Each structure stands twice: as structure tokens, then as C-alpha cells.
1. Could you grab me the full set of residues in region 65-84 that are open to solvent by 30 Å² or more (accessible area, probe 1.4 Å) and touching a strand residue (DSSP E or B) at 6+ places or on another chain (Cβ under 6 Å)?
2. Looking at region 100-112, I want the residues that are within 13 Å of V87 (Cα to Cα) and have a partner that is of a type outside the set (S, T, N, Q) and open to solvent by 10 Å² or more (accessible area, probe 1.4 Å) with Cβ atoms under 6 Å, at least 6 apart or on another chain. Which pairs are those?
3. Residue check, H207 against (1) under 25 Å from V97 (Cβ atoms); (2) open to solvent by less than 20 Å² (accessible area, probe 1.4 Å); (3) in a loop (DSSP other than H, G, I, E, B), all met but one. Which one?
4. I want to confirm something. Restricting to region 340-365 and keeping residues that are farther than 23 Å from F299 by Cα and open to solvent by less than 30 Å² (accessible area, probe 1.4 Å), which single residue is farthest from the chain's Cα centre (by Cα)?
5. Could you grab me the full set of residues in region 14-42 that are touching a strand residue (DSSP E or B) at 6+ places or on another chain (Cβ under 6 Å), hydrophobic (A, V, I, L, M, F, W, C) and in a helix (DSSP H, G or I)?
6. Suppose the filter is open to solvent by 40 Å² or more (accessible area, probe 1.4 Å), part of a helix (DSSP H, G or I), out of contact with any Gly (no Cβ under 6 Å at 6 or more places or on another chain) and at negative phi; does D183 pass it?
7. Identify the single condition in (1) in a helix (DSSP H, G or I); (2) of a type in the set (A, V, I, L, M); (3) at pLDDT below 95 that A335 does not satisfy, given that it satisfies every other one.
8. Pick out the one residue from K313, K293 that is among the basic types (K, R), assigned to a helix (DSSP H, G or I) and open to solvent by 20 Å² or more (accessible area, probe 1.4 Å).
Amino acid sequence: MAALSTAFAAAPATAQETVKVGVLHSLSGTMAISETSLRDVLLYTFDEINAKGGVLGKKIEPVVVDGASNWPLFAEKAKQLLDQDKVAVTFGCWTSVSRKSVLPVFEEKNGLLFYPVQYEGEEMSKNIFYTAEAVNQQATPAVDYMLAQGKKKFYLLGSDYVYPQTTNLVLLEYLRSKGVSLDNIGGGFRKEGDEIVSAGKYTPFGHTDYQQIVAEIKQFAAGGNACVINTLNGDTNVPFFKEYAAAGLTAETCPVVSFSISEDEFRGLPAKQLVGQLGCWTYFQSIKSPANKKFVDGFQAWLKKTSTSGIVKEGRVTCSPMVLSYNGVYLWKMAVEKAGSFDVEKVVAELEKGISFDGPGGTVTSQKNHHLTKNVYIGETRADGQFKILKEYKGVVGEPFLKGTFKASASK
């Protein structure tokens with residue numbers, strides 16, 4: 001009887017055992033417009049998993065920290081999560097500069113980061129899993145679509161940091177390989193000797209004055225068959241699109257295809273003025289599938305009942321970075337359960353073997369190169385800030401290293 005009493009007394013403590021998981025996103029500053037929703041969807045996902053028993057019998061205990069759109073601070077917060085909080089895994093970062101800030105921390109301390117936001121590639125770390133769209137899962141399919149629509153001129157515009165700069169250098173090579181001449185690639189070039197080291201027009205984070213740039217785009221598009229490839233990040237998209245609309249540019253005269261504007265960003269943009277503009281992602285909320293309905297309905301139900309402070313409950317939508325965050329948590333959970341351990345090296349080894357999860361955007365599968373195979377969608381903006389899906393590319397393998405792989409067409 002004494003032994004039984006001891007066992008029963010210990011049961012509640014065992015049931016309450018937790019595994020700490022890090023959430024590292026900007027909840028303040030210029031990137032909060034995008035990143036706060038990733039914090040929210042991660043908390044929803046943890047609650048969903050905890051309601052079904054957690055991971056290896058342990059409930060997920062989130063440790064949420066604010067990178068505050070301050071890139072060196074991201075590294076400090078990563079150290080805190082690994083050294084003080086002893087998290088088993090971290091889900092976080094949006095900008096590539098924040099990811100590059102934390103990468104040496106995760107490598108030095110053998111932590112594990114899941115990174116969910118479209119990026120420029122040219123990177124592979126043993127301590128990072130990139131659930132994000134690689135360039136060949138967003139930028140090059142978007143260019144393919146615009147070429148198929150008869151576009152012959154491409155203006156490159158982005159925020160002044162590594163993701164837009166590197167993506168546009170890859171796109172420069174890709175456009176040249178498709179027979180597009182340098183004269184038909186707008187935004188300007190910077191050379192070192194004979195080599196182009198920068199292609200496109202760039203503005204700082206938080207930039208607000210787009211009058212001159214939009215005037216340049218309007219002139220570039222005057223001959224027809226032109227489009228804008230937009231890699232602006234964060235809330236600077238708001239003044240750009242307002243200036244674009246004020247200048248009389250439209251989706252008919254010069255469409256913009258954006259890689260950092262999802263349904264979530266449209267909550268702060270003049271969607272009715274942007275009808276017909278394009279996005280390319282590996283998920284849209286408008287996808288019709290049982291898995292997506294379950295995800296969208298589940299997130300909305302969670303918003304209504306959650307008591308977590310600081311969460312906006314009205315007018316919420318879902319988007320690709322949110323789904324890639326959600327997918328990442330489930331892929332980690334499945335890898336932990338296959339490994340029978342939270343040990344980083346054992347979990348990574350299982351992920352490298354290939355684990356599939358039927359996510360809201362379709363089936364995703366982890367690859368040995370720490371990227372995902374997933375579907376790619378081209379969507380057209382509707383007045384309600386949602387996207388009408390125009391094109392689907394199924395099962396696109398993530399290829400992070402593209403620079404130097406495309407050769408200019410001989411005719412150009």
C-alpha cells in the first residue's frame with residue numbers, strides 16, 4: 001500500500017513534466033507587423049499538441065522572447081534561450097540578417113532552430129532547418145509565371161539587406177538565362193570591375209518616401225510588358241503601395257509580384273487598391289483542403305479562447321510563414337518521437353532521413369539538406385486581402401545554392 005501511495009503521489013508531478021521550447025521573434029519594431037503572428041501561431045500549435053498529450057509525454061512549455069527588430073539583440077536572446085532556459089528547440093527569426101545573427105550561436109552551443117520565412121538561400125547549417133521557401137520555391141517560379149504572361153521587363157525593388165540583395169542577384173542570372181537583356185532589368189546595377197555585385201533598387205527598413213522610385217518605375221513601365229519584383233520587407237510596403245496607387249499604376253499597367261506580403265500583411269495595406277497584384281508562396285489561406293480547413297478553424301477557435309496577453313483577436317488571417325512555423329513544430333515533434341529523444345543530433349538525424357507531414361499547404365517533406373519539398377502557388381490579390389490561386393507547382397524540392405547555376409542566353 002505504501003508503494004502504491006508513493007506511485008499515485010508521484011503521478012501528478014510526472015504528468016506535469018515539460019519540455020521548454022523557444023520562440024524568438026520581433027514583437028516590437030518595424031518587423032512586428034509580420035512576426036507577431038508567428039508568435040501567435042506557435043502558441044496555438046503548442047496548445048494543440050499539448051491537448052493531445054504533448055511530445056514524448058511532456059507538455060510543451062514555450063519561452064517567448066522579443067528580438068525587437070534589433071539584429072544583435074537576436075543573438076543575445078538566442079544565447080539566453082540556450083544557456084539559461086535550456087530550450088530543446090527554437091522556432092524563430094524572419095529577416096535573414098536576424099537568422100545570420102543567431103546562426104553562430106546555435107552552431108557553437110549545438111542548439112536547433114527552425115526558420116520559417118522565405119529567404120535567399122546560399123546557406124546550410126547543421127543546426128538550422130529551413131522550412132522557409134528557398135529562391136526556387138518562390139522567386140524563380142514567380143518569374144516563370146510572369147514570363148508566361150508575356151512580361152519582358154522586370155524592375156527589381158527590395159529592402160537593403162541580404163535576402164533581397166542575394167535573391168535579386170540570383171534573379172538577374174535567371175532572367176539573363178531566359179533571354180531578358182540587361183536593358184530590360186530595372187532598378188540599376190553596381191559593378192566591381194566587370195562583375196555585377198548588386199542588382200536592383202534598395203531602401204532601408206522603415207523607409208517611407210517612395211515618390212522618386214515609383215516615378216522611375218512608371219517611366220520603366222511606360223512601354224508596356226513590365227512588372228515589379230518586390231522584396232521589400234515589413235511595414236515599408238505600406239508607403240510604397242500607397243505611392244504606387246497614387247501614381248496611377250495598376251495591376252494591368254505594371255503588376256507587382258511580392259515575396260514578403262502575405263494575407264497577414266494585407267491587414268495593414270490598402271487591399272482594395274491592390275486587387276490583381278500577385279504573390280508567390282507555398283501556402284494561401286484560400287486553399288481548399290481538409291487539412292487547411294482544420295488549421296484555419298482551429299486557429300480562429302484558439303484566438304477566441306486564449307487568455308495570452310497582447311494577442312489581437314479580431315480580423316485575423318493565416319499565411320505562409322505561419323503555416324511553415326506550424327509545419328516546423330510538427331516535423332520537430334515527429335522527429336523527436338522517431339528518435340525517442342529531444343537530443344539535437346538524434347532529432348536532426350531523423351529529419352535528414354525524410355519526414356513527411358500533411359500540412360495546410362499540402363504535404364511537406366524534410367530533406368537531407370535541411371530544406372523542405374513542398375507545393376508552390378501563384379496567387380492574385382482580391383479586395384478582401386485574400387488570394388485567388390492562379391497556378392500550382394507540386395512537390396518542388398528546396399535548392400538553397402543557386403548562384404552561378406544559371407547561364408546567360410547566348411542570344412543576349
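1. Within region 65-84, K77 is the sole residue that qualifies.
2. K109/L82; N110/V344; G111/L82; L112/V344
3. In the conditions (1) under 25 Å from V97 (Cβ atoms); (2) open to solvent by less than 20 Å² (accessible area, probe 1.4 Å); (3) in a loop (DSSP other than H, G, I, E, B), H207 misses (2) alone.
4. Among residues in region 340-365 that are farther than 23 Å from F299 by Cα and open to solvent by less than 30 Å² (accessible area, probe 1.4 Å), the one farthest from the chain's Cα centre (by Cα) is S341.
5. L38, L42
6. Working: open to solvent by 40 Å² or more (accessible area, probe 1.4 Å): yes; part of a helix (DSSP H, G or I): yes; out of contact with any Gly (no Cβ under 6 Å at 6 or more places or on another chain): yes; at negative phi: yes.
In short, yes.
7. (3)
8. On the way: K313 fails: assigned to a helix (DSSP H, G or I).
Of the residues listed, the single one that is among the basic types (K, R), assigned to a helix (DSSP H, G or I) and open to solvent by 20 Å² or more (accessible area, probe 1.4 Å) is K293.
The values are calculated or read from the model by the stated rules, or taken from the named source; none is laboratory data. Model, not experiment: these values are computed from the prediction. A quick note on method: Cβ atoms are made from the backbone with ideal geometry, for glycine too, and the neighbour counts reach across all protein chains shown. Each accessible area value is taken on the protein alone, full model and side chains, heavy atoms only, with ligands, DNA and RNA left out. Shrake-Rupley method; radii C 1.70, N 1.55, O 1.52, S 1.80 Å.
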